[in-house]
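What follows is one structure encoded as structure tokens, with my remarks underneath.
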Amino acid sequence: MIYETVAAVDLGSNSFRLQVGRVVDNQIYTLDSMKEPVRLASGLMPDKRLDDASQLRALDALRLFGERLRGLDRGAVRVVATNTLRVAKNAFEFLPQAEEALGFPIEIIAGREEARLIYIGASHSLPSVAHKRLVVDIGGGSTEFIIGKRHDPQLMESLYMGCVSYTTRFFPDRRIDRKRLREAQVAAAKEIELIAHEYQRLGWKEAVGSSGSARAIADVLELNGLNPNGESGITRVGLDKLCALLVKAGSAEALDLPGVKGDRLPVFPGGVAIMSAIFEELDIERMTYADGALRLGVLYDLLGRFHHHDMRDSTVAQFRRRYQVEGDQVERVEMTALSALTQLYDGSPSEADMQFMSWACRLHEIGISVAHNAYHKHGAYILTYADMPGFSKKDQARLAMLVLGHRGKLEKLGAIPATDSAWDLIFCLRLAVLLHRTRDDRAIPAWRASRSERGFIIELPADWLADNPWTAAAFAEEAVVWKQLGREYLLRSKSARKIA
């Protein structure tokens, strides 16, 4: 379905932001935006749990956003959470409350997925050029680095340093002196040093900053004439002058310069320290600014899904190539599994379940590239921890669970709620794998899948079962596996004519 109005919500470590856009000729024009300085990262305690105060601030902001989003279809809204909710140990306890307050599901995305979306947003807000760009986005809890060309990111990384976390760590009482500032710069430089060689090897022609810290620094430098020759954006000379002024003032609040907005002041020192380390380590002299970032990237990624350019499909295809998955077998399994799912839902399974069924079928054998023994476990591990552009961490976990459950015992999946449709997907995938265990193009018999009161029913021709005792025994073993889980798995033998 294609929507005229779409919305993106960015649950950042410093601010929560909402952007509503109108789609016209595959372009997105902003209709409305909201920002709430939640400072989520400042509520991250030493044990990596979010404190109650930050959770309450977050819920209040989400209720405001929920009111603005009311009436929009679920498919027209995408909500992403970044670094603080990535690292918070109680994030998944907080998430149900957050989703209830907002009224929409929330995805916690990986650092490189955040980087990919930031680049898409930045590139759509900049003039189209043929050369490579380096985009840097200093967030509240992490900083993303992306080299790309036009709208295609080529190298992406997310480092665990942000304006909120660095301000809290190095300037806890808001005081700034030369020693503290240098300590913050050195800490950031050590992080950047890990990626500097690879980025400089690939190279770029233009450096671009995006999001709040870059915008605040650029505004201060431009409005106060700190850049040489009246240059715009951020320059190394201007940054050095700004650092000296911060030290002289003793705090960001005492920095009497136009351009620093009140809501940015509390995290300004951390952002300046990180930015100056970026310029030093990557040998940057000048950086321009892009208005678009994560939210705009989310909107354009959402638009791509409407037009069947879903990044997740591209990622799945790339994983199949990387792990040398046997294409013919995947296609057999996928066709049968989708047919089974359609039968279970009387011809009308949800689009989301059909998508996950297809992806799980295409990826269920990636673990064979590691080792055939327990390959389902290897595949699940890869899908849990690999960077998968387009997928949220929750989506990755669901895919990994389906791959893990496609063979072997099912008790390992006991944490899945009994009513979760994942059980239907697991049943269909296991059935398809079992029916195609010969891994060749011989025709499978007429078959039918349906539900029983406490599980599933499979109907197969009696004569086929008699002629294939190996597979018949495998079905008997399958029934035992499901019985151990407390679910019914009935194999009924009928004539092929009756099944058809």
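The values are calculated or read from the model by the stated rules, or taken from the named source; none is laboratory data. Small disclaimer: the values here were computed from a predicted structure and weren't measured. Neighbour counts run over all protein chains shown; Cβ positions are idealised from the backbone, glycine included.
So, in region 373-397, exactly how many residues are small (Gly, Ala, Ser), buried (at least 19 other Cβ atoms within 10 Å of the Cβ) and within 18 Å of Ile426 (Cβ to Cβ)?
Here the count works out to 2.
If I filter region 374-421 down to residues being assigned to a helix (DSSP H, G or I) and of a type in the set (Phe, Trp, Tyr), which single residue comes out as nearest to Leu95 (Cα to Cα)?
Tyr385
Among the residues of region 62-78, which ones are farther than 17 Å from Leu299 by Cα and of a type in the set (A, V, I, L, M)?
Hits for region 62-78 are Leu62, Leu64.
So which residues in region 350-367 are assigned to a loop (DSSP other than H, G, I, E, B) and either under 19 Å from Ala380 (Cα atoms) or free of Cβ contacts under 8 Å to residues at least 12 places away in the same chain (or both)?
His364, Glu365
What are the pairs with Cβ atoms under 6 angstrom where one residue, in region 1-20, is in a loop (DSSP other than H, G, I, E, B) and the other, located anywhere, is buried (at least 24 other Cβ atoms within 10 Å of the Cβ) and of a type in the set (S, T, N, Q)? Sequence gap at least six, or different chains.
Within 6 Å, the pairs are Gly12/Thr82; Ser13/Asn83; Ser13/Thr84.
From the list Ala474, Ala422, Ala449, Ala479, which residue is in the same structural domain as Arg362 (by TED's automatic domain parsing) and within 22 Å of His364 (Cβ to Cβ)?
After applying the criteria, what remains is Ala422.
Do any helices (runs of 4 or more DSSP H) entirely within region 246-349 hold 2 or more residues that are in contact (Cβ under 8 Å) with a residue 60 or more places away in the chain and more than 25 Å from Phe16 (Cα to Cα), and if so, which?
268-281, 311-322, 327-344
Scan region 140-165 residue by residue and report those that are out of contact with any Ser or Thr (no Cβ under 7 Å at 6 or more places or on another chain), assigned to a strand (DSSP E or B), crowded, with 21+ Cβ neighbours inside 10 Å and polar (S, T, N, Q).
Hit for region 140-165 is Thr143, nothing else.
Taking the conditions exactly as written (under 17 Å from Gly111 (Cβ atoms) and either touching an Asp or Glu at 6+ places or on another chain (Cβ under 6 Å) or charged (D, E, K, R) (or both)), does Glu231 satisfy them or not?
no
Condition first: at pLDDT 95 or above and surrounded by 19 or more Cβ atoms within 10 Å (Cβ to Cβ). Can you find one or more residues in region 122-131 that meet it?
No, every residue in region 122-131 fails to be at pLDDT 95 or above and surrounded by 19 or more Cβ atoms within 10 Å (Cβ to Cβ).
Of the conditions (1) at pLDDT below 90; (2) loosely packed, with under 12 Cβ neighbours inside 10 Å; (3) over 29 Å from Gln396 (Cα atoms); (4) not aromatic (Phe, Trp, Tyr), Ala473 satisfies every one except a single condition; which number is it?
(1)
For region 445-474, how many residues meet the condition of being over 23 Å from Gly486 (Cβ atoms) and touching a Ser or Thr at 6+ places or on another chain (Cβ under 7 Å)?
Result for region 445-474: 4.
For region 404-451, how many residues are under 33 Å from the mean Cα position of the chain (by Cα), of a type in the set (Val, Ile, Thr) and closer than 18 Å to Ala474 by Cβ?
Going through region 404-451 one residue at a time, the tally reaches 2.
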